Amino acid sequence: MKTTSRTETIEKKNLSRVVDNLCSPDNYMARTRSANRKEQILPSRNTLIELVEALRAVLFPGYFGPSELTIESLRFHVGSTLNKAQRILRQQVQRVMGFLSEEDMPDRARHEKLSRIITDDFLARLPEIQRILATDVQAAYERDPAAKSKDEAIFCYPG
C-alpha cells in the first residue's frame, strides 16, 4: 500500500487551488456552455486543422494522407475524404455564422442553407485550386536546381 507524503499532499492542494482559480465562474477567459445560456459554439481550431489535412489529402492524393494509393483506390479515397471535409467545413461555417447579428442571419434554417451553399461553392472550386497548385509545384521544381523531382518540390515546399 502506497502512502502519500506530506509534500505530495501539499502539492496536490496547491494544484487544486490553481485549478479552482482557473475554473472559477468569474474567470472571463473560460468559455463554457450552460443549459440556461444560448451561447454560440465557436469553431474548433483542432477541427479546422483536421479539415486542412483532409483537403491536402484531396488536393495532393498519395502525398498527404494515405501514401499507398492505387488507381483503383484513388477515387474512393478522394470521395471519402471529400465527404468528411464537406461535413467538417459545413459545421465550422455554421459556427462562424453564429457571430452574425440577428438581422444578418435571422433564422437557423437560413443559417444551414447558407452554410451549405458556401461549403458546396468552395468544394466546387477545388479542381481549379488543384490545377493552380500544380503550376506552383512545376515552378518550384524548375526554379530549384537542387530539386530532383516534382515529388521533392511538394515535400520541400509544403506552403
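The values are calculated or read from the model by the stated rules, or taken from the named source; none is laboratory data. Just so it is clear, the model here is predicted, and its values are computed rather than measured. Cβ coordinates were reconstructed from backbone atoms using ideal geometry, including for glycine residues, and neighbour counts include every protein chain displayed. All accessible areas refer to the heavy atoms of the entire protein, side chains included, with ligands and DNA or RNA removed. Shrake-Rupley method; radii C 1.70, N 1.55, O 1.52, S 1.80 Å.
What the table shows:
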{"item": "Residue within region 26-48 that is among the charged types (D, E, K, R), modelled with pLDDT under 80, part of a helix (DSSP H, G or I) and exposed (fewer than 10 other Cβ atoms within 10 Å of the Cβ) present", "result": "no"}
{"item": "Meets criteria (open to solvent by 80 Å² or more (accessible area, probe 1.4 Å), without any contact (Cβ under 8 Å) to a residue 12 or more places away in the chain and not polar (S, T, N, Q)) for residue 68", "result": "yes"}
{"item": "Per-region count, region 113-133, residues surrounded by 13 or more Cβ atoms within 10 Å (Cβ to Cβ) and basic (Lys, Arg)", "result": "1"}
